[in-house]
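Asks: Dropping the structure in here first, questions after.
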2 protein chains.
Amino acid sequence: MIVRTTADITGTERDVESEDGNWRSKRIVLANDKVGFSFHETTIQAGSVNNFHYANHIEAVWLVEGTGKLTDLETGEEYALAPGSMYLLDGHERHRVEPDTQMRMLCVFNPPVTGREVHDENGVYPLIVEESA
Amino acid sequence: MIVRTTADITGTERDVESEDGNWRSKRIVLANDKVGFSFHETTIQAGSVNNFHYANHIEAVWLVEGTGKLTDLETGEEYALAPGSMYLLDGHERHRVEPDTQMRMLCVFNPPVTGREVHDENGVYPLIVEESA
């Protein structure tokens, strides 16, 4: 059993801020925990416009706080987001997240993020496979 | 892309209450979504004592609301839980959860729960594999 807190990982290498300062991701479970998924708390700043694309990962996002808009950039369809909204990128869809108020969401990635990925110029996390010990 | 809300699934077969009324689990992502994990919001009543054991599943639990105590029944070790606490049952540990105030947690299961499991007499979820379409 592993027990951690969000406070424990704040300021460590599990706590990653975007270069533009628009989002911050605290990864409480990562690939090296070897459970087949990673589990993150992501906060996104009010008023920011964020284009994301996980070409190599499936992501589920469940909103805990905040409101805003999600756009499926493949179809143009828009969704209002509020606490209790969940979106599942089961088709690796390019998407845009625009918070009206700061959003806090819990996110699951499969395959798990290693923590060494950075968004490339297209907003894509590269696929990095954790070496077995 | 799939977009759902906690409200959408309330009262459906994705919304499961325990026989003793101590906990309720809203499964917003299940095995038939075919993403390799399931994702649940579980609420557990204040003052209840809950023994759990997932012999066939790994579970990560991140507490969003409430406080209480977690006991690792394999070792006897106790942990205080509060918003921001996460526990990862990477060794299928038998454990006890005792909320002081109602707990709300977001939970990830691997392999994904199908929604047809019930806790057996030992508090274990049996392993049910979703048939491919």
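Values quoted throughout were computed directly from the atomic coordinates according to the rules given, and no laboratory measurement underlies them. Computed from a predicted structure; not experimentally measured. Because the Cβ atoms are built from the backbone with ideal geometry, glycine has one as well, and the counts that use them run over all protein chains shown.
Asks: Quick one: label points 7 angstrom along Cα→Cβ at A:L127, distances to the other copies in nm, smallest first?
Replies: From this label point to the equivalent ones elsewhere in the assembly: 2.5 nm.
Asks: Any idea what the B:T10 label distances to the other copies are, label 7 Å down the Cα→Cβ vector, nm, shortest first?
Replies: 3.1
Asks: Suppose we take every Cα in segment B:43-96 and form the convex hull; what volume per residue is that in Å³?
Replies: 78
Asks: For A:D90, which inter-copy label distances result when the label point lies 7 Å beyond Cα on the Cα-to-Cβ vector, reported in nm to one decimal and in ascending order?
Replies: Here the equivalent label points are 2.9 nm apart from this one.
Asks: Working from the alpha-carbon coordinates of segment A:29-123, get Rg over Rh, Rh being the Kirkwood radius.
Replies: The Rg/Rh ratio comes out at 0.95.
Asks: Here's something else I'd like to know. Once amide H atoms are placed 1.01 Å from N in the peptide plane, what residues at a sequence separation of 5 or more from A:N22, or on another chain, have their amide H within under 5 Å of its amide H?
Replies: Answer set, sorted by chain and number: none.
Asks: Also, quick follow-up: I need the phi-derived Karplus couplings for segment B:93-106: 6.51 cos²θ - 1.76 cosθ + 1.60, θ = phi - 60°, integer Hz, Gly and Pro marked x.
Replies: With coefficients 6.51, -1.76 and 1.60, one gets 5, 5, 8, 10, 10, 10, x, 7, 10, 3, 9, 10, 9, 9 Hz.
Asks: Hey, how much of the P(r) for segment B:18-68 falls beyond 15 Å, as a percent of Cα pairs?
Replies: When every Cα pair of segment B:18-68 is considered, 57 percent fall beyond 15 Å.
Asks: Can you list residues whose amide H is under 5 Å from B:D90's amide H, if they're 5+ apart or on another chain and H is modeled 1.01 Å from N?
Replies: The answer is A:I2.
Asks: Scan around A:T67 for amide H atoms under 5 Å from its own, H built in the peptide plane at 1.01 Å from N, and keep only partners 5 or more places away or cross-chain.
Replies: Long-range HN contacts for A:T67: A:D100, A:T101.
Asks: What trypsin sites (Lys or Arg not before Pro) in segment A:25-115 are in a loop by DSSP, with at most 11 other Cβ atoms within 10 Å of the Cβ?
Replies: Filter output for segment A:25-115: empty list.
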